[in-house]
Each structure stands twice: as C-alpha cells, then as structure tokens.
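Trainee: Dropping the structure in here first, questions after.
Values quoted throughout were computed directly from the atomic coordinates according to the rules given, and no laboratory measurement underlies them. These numbers come from a predicted model, not from an experiment. Neighbour counts run over all protein chains shown; Cβ positions are idealised from the backbone, glycine included.
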Amino acid sequence: MAEGTLTIPDYVTRLSDSLARALPQCDIDYEKVRSDRYRFVVVWPGFEGLEHPERQRLVWEVADVAIDKADLMRVLMIVTLAPSEVPQD
C-alpha cells in the first residue's frame, strides 16, 4: 500500500451506505478521529423540525442494523443537521 493511502474500514462504508438508503437525499461525511474510530456528519432535509433525540434515534437505529456491535463501538458520534443548520462560509 502506498504511503499516505487511507483504507476505509468496511463498517464505515456499510454504515454510510445504509444511512444513504434510509435517509433519501442526505449528505454524509465522515472522518477518522483516531486509529479505527470515525465520526459521521449527516445532513438531511428530513431533520428539519425534529428534535435532537428523534434525529439520534433515527440514525442509531440504522447503525444498529447496518453494522455489528463491535463496530458500533468504533463510531464515536453521528452529528445530525438539517440543511438550514449547516454553517455557510
């Protein structure tokens, strides 16, 4: 493997794909935080008007089905934003 090449773990791809299927028209980003731990950011129009607990329930229900328990422990957080909450540069 070339130096500096980042291999995305399978669980990251599975979770990202599952969230994209469950939340049509969402934008998903993720970043490696340390070793094998990742943080996700999901921006979805469907989050408009939903409180934080409901948003989290939606994404973690998807995560619970998409990846096994050991991999769930590697997801440090899933930030949920409506498009209107995304800071504009």
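Trainee: Would you mind checking the tilt of helix 52-66 against the longest principal axis of the Cα atoms of the chain, expressed as 0 to 90 degrees and rounded to 10?
Mentor: Tilt of helix 52-66: around 40 degrees.
Trainee: Same structure, new question: Among DSSP bridges having both ends in region 21-84, what percentage is antiparallel? Round to the nearest 5.
Mentor: Looking only at bridges with both residues in region 21-84, the antiparallel portion is about 55 percent.
Trainee: Using C-alpha positions alone, give me the convex hull volume of the chain per residue in cubic angstrom.
Mentor: Residue-normalised Cα hull volume stands at 117 Å³.
Trainee: With +1 assigned to the C-beta of every Lys and Arg and -1 to the C-beta of every Asp and Glu, and no other charges, what is the dipole magnitude of region 21-84 about the Cα centre in debye, to the nearest 20?
Mentor: 240
Trainee: Among Tyr30, Trp44, Ser84, which residue has its Cα furthest toward the positive end of the charge dipole of the chain, with +1 on Lys/Arg Cβ and -1 on Asp/Glu Cβ?
Mentor: Farthest towards the positive end: Tyr30.
Trainee: Angle, helix 10-22 long axis vs. longest principal axis of the chain, Cα atoms, 0 to 90°, nearest 10?
Mentor: 20
Trainee: Relative to the present Cα-Cα distance, how much length would full extension add between His52 and Arg21 at 0.36 nm per residue of separation?
Mentor: 9.1 nm
Trainee: Whole-Hz ³J(HN,Hα) for each residue in region 72-81, computed from phi via Karplus 6.51 cos²θ - 1.76 cosθ + 1.60 with θ = phi - 60°, x for glycine and proline: what do you get?
Mentor: So the Karplus estimates, Gly and Pro as x, are 4, 5, 8, 8, 6, 6, 10, 7, 10, 10 Hz.
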